[in-house]
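Q: Following this message is one structure expressed as C-alpha cells.
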Amino acid sequence: MTDAETGADTGAEQATIAITGASGLVGTALRETLEGSGAPLRVLAVSRSRGPDTVVWSPRRGELDAAALRGVDAVVNLAGERIGPGRWTEERKRRIRESRIEGTRLLVKAFAELPRPPKVLVQASAVGYYGDTGDRWVDEESPRGEGFLASVVEDWEAASTPAEAMGVRVVRLRFGHVLGKGGLLDAMRTPTKLGLGGRLGSGRQFWSFIGIVDLVSIILLALEDADLRGVVNAVAPEPVRNAEFTERFAKVLHRPAWLPAPELGLRLLFGKQQAQEMLLWGQRVRPGVLLERGFEYAWPTLDDALSAVEGDRIALPLARAAALKVA
C-alpha cells in the first residue's frame, strides 16, 4: 500500500482532520492514507476509547468535549452501528438509527461551541436513501424511496444541516456497497468458498458498489474542493445485478456460484423487512456529481475491484493525500 511519489510539502501549514468511525473499514483506510502520505496533517480519531490523538465521545450518552475539537479544520463522520449481519430487532433498529442521527447532532452541537467551526464536514450516508429502484436509474436529484433505511438516511443527512448555517461546508456521501478488506466481501467469502455463494432471491436487484481506494479518493476530493457541497453518490459508474456480482466474486475465488438463496428462506432467516431492504431490494445509482467533475476511478468496474481486493493489490491514494489542502 505505497505510493512512491508523495510530493509532500513539509513546509506547509499543518491541517487537523478528525474522523469518527476511524476503526471501521473506511475509517481505517482513510487514516492509513492520511498518515502514510507524508503530508503535514494531524489526524484525530473521535472514539469511545481514550488514546493518543483521540477525542473521546459517547453519542449514546450525548457526551463530546467540544474543546478537544478546537482548531480542527475538517471532520469526516463515518460512525454508525453496523446494518448487518445481526437480525433487526426493534432494539437493533433503534441503535442503527440513533447511532447515526444522535452522533451527527452531537458533532454539530459541538461545532456551535467552537470559536471557529471546521471548514468542512464530510458526512457518510448511503444509497439506501433511494429504497428499491428496480431497473430505474437514480441520481443525486432523485427523491427518497420507501423503507426503514431510507428514513434513517433522510434523518441522518438532515442532522448535519445546522452546520451549514454556521458556515461549514457539508458534503453528504451516499455510499454504495464498499469493496475492500472487510465488510461485504468478508461476509460473502466463506459461503462462496463453500459453494454457497449463489444469487439472492431472483438476483435481478442492482448492487451499486464502490472500491475502497476510490472511496478514500472521493473523501479527499470532498475535503479539498471548496465548490463541492450537498449530496454526492459515492458509487462506481457501472452497478451490476446481484446475480452477476455473486457469479464474478465466485469466479475470482475459483468456486462455483450454483446454490441460490431463495427469497422465502431469506425472509425466514432475517425477517421480511430486513431481507427485503438489505438483500432483495437494489439501487441502480448514477454518480452524477462525480462524473460531471471528471472523477477518475482507480477501480471503475466490478472486475477491477474484486481482482484488486482478492489479489491484495490495494494501493491507497497517498500522492493525492500528500497534496491535500482542506478547503
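Just so it is clear, none of the values below were taken in a lab; they were calculated from the coordinates. Given the structure is predicted, the values throughout are model-derived calculations rather than measurements. Cβ sites come from the backbone with ideal geometry, for glycine too, and all protein chains shown count toward neighbours.
Q: Angle check, please: helix 183-193 long axis (alpha carbons) against the longest principal axis of the chain (alpha carbons), in degrees 0 to 90, nearest 10.
A: 30 degrees
Q: Right, something else. Can you work out the Karplus-derived ³J(HN,Hα) for every residue in region 129-138? Use 6.51 cos²θ - 1.76 cosθ + 1.60 with θ = phi - 60°, whole Hz, and x for glycine or proline.
A: 3, 8, x, 9, 9, x, 8, 7, 6, 10
Q: Just to confirm the filter: which GluC sites (Glu not before Pro) across region 78-144 are DSSP coil and have at most 14 other Cβ within 10 angstrom of their Cβ?
A: GLU113, GLU141
Q: Listing ARG100, ARG105 from the residue with the fewest other Cβ atoms within 10 Å to the one with the most, what is the order?
A: ARG105, ARG100
Q: Specify the inter-centroid distance of region 241-285 and region 174-229, based on alpha-carbon positions, in whole Å.
A: One Cα centre to the other: 14 Å.
Q: Okay, next question. To the nearest 20 Debye, how big is the dipole of region 55-193 about its Cα centre, given +1 on the beta carbon of each Lys and Arg and -1 on that of each Asp and Glu?
A: Result for region 55-193 is approximately 520 debye, rounded to the nearest 20.
Q: Putting +1 on Lys and Arg Cβ atoms and -1 on Asp and Glu Cβ atoms, find which of ALA250, GLN274, LEU221 reaches farthest to the positive end of the dipole of region 208-327.
A: In region 208-327, that residue is GLN274.
Q: I'd like to know which of LEU107, THR133, PRO85 lies farthest towards the positive end of the charge dipole of region 70-135, counting +1 on Cβ of Lys and Arg and -1 on Cβ of Asp and Glu.
A: Projecting each Cα onto the dipole axis, the largest value belongs to LEU107.
Q: What percent does the relative contact order of region 164-213 come to when contacts are Cα pairs within less than 8 Å and at least six residues apart?
A: 51 percent
Q: If each DSSP helix of 4+ residues adds -39,500 (n - 2.57) and the sum is divided by the residues in the chain, what number results at 222 nm, nearest 500 deg cm²/dmol?
A: Using -39500 (n - 2.57) per qualifying helix, the result is -10000 deg cm²/dmol.
Q: Which angle from 0 to 90°, rounded to the nearest 10, does the C-alpha axis of helix 148-158 make with the longest principal axis of the chain?
A: Orientation of helix 148-158: about 10 degrees from the principal axis.
Q: Percent relative contact order of the chain, based on C-alpha pairs within less than 8 angstrom and at least six residues apart?
A: 23 percent
Q: Further question on the same structure: On a full-extension model of 0.36 nm per residue, what is the gain between MET166 and ALA66, subtracting their alpha-carbon distance, rounded to one decimal in nm?
A: That pair, MET166 and ALA66, stretches by 34.5 nm at full extension.
Q: Then there's this: Against the longest alpha carbon principal axis of the chain, how many degrees, from 0 to 90 and to the nearest 10, is the axis of helix 242-252 turned?
A: 80 degrees
Q: Moving on to the next point. Report ³J(HN,Hα) in whole Hz for each residue of region 115-125, in order, from the Karplus equation J = 6.51 cos²θ - 1.76 cosθ + 1.60 where θ = phi - 60°; Gly and Pro get x.
A: Using θ = phi - 60°, the values come out as x, 9, x, x, 5, 8, 10, 9, 9, 5, 8 Hz.
Q: Based on Cβ point charges of +1 for Lys and Arg and -1 for Asp and Glu, what charge dipole magnitude is obtained for the chain about its Cα centre, in debye rounded to the nearest 20?
A: So the magnitude is around 1080 debye.
Q: Modelled label-to-label distance, LEU269 and THR190, 7 Å Cα→beta-carbon offset: nm?
A: So the label points at LEU269 and THR190 sit 1.2 nm apart.
Q: Take every DSSP beta bridge whose two residues both sit in region 1-145, then give the antiparallel share in percent to the nearest 5.
A: 10 percent
Q: If you rank GLU277, GLU63 by fewest surrounding Cβ atoms within 10 Å, what's the result?
A: Fewest to most other Cβ atoms nearby, the residues stand as GLU63, GLU277.
Q: What relative contact order, as a whole-number percentage, does region 179-256 give when Cα pairs under 8 Å and 6 or more residues apart are counted?
A: 47 percent
Q: No solvent, one uniform scatterer per C-alpha: report log10 I(q)/I(0) for the chain via the Debye equation at q = 0.12 1/Å, two decimals.
A: -0.83
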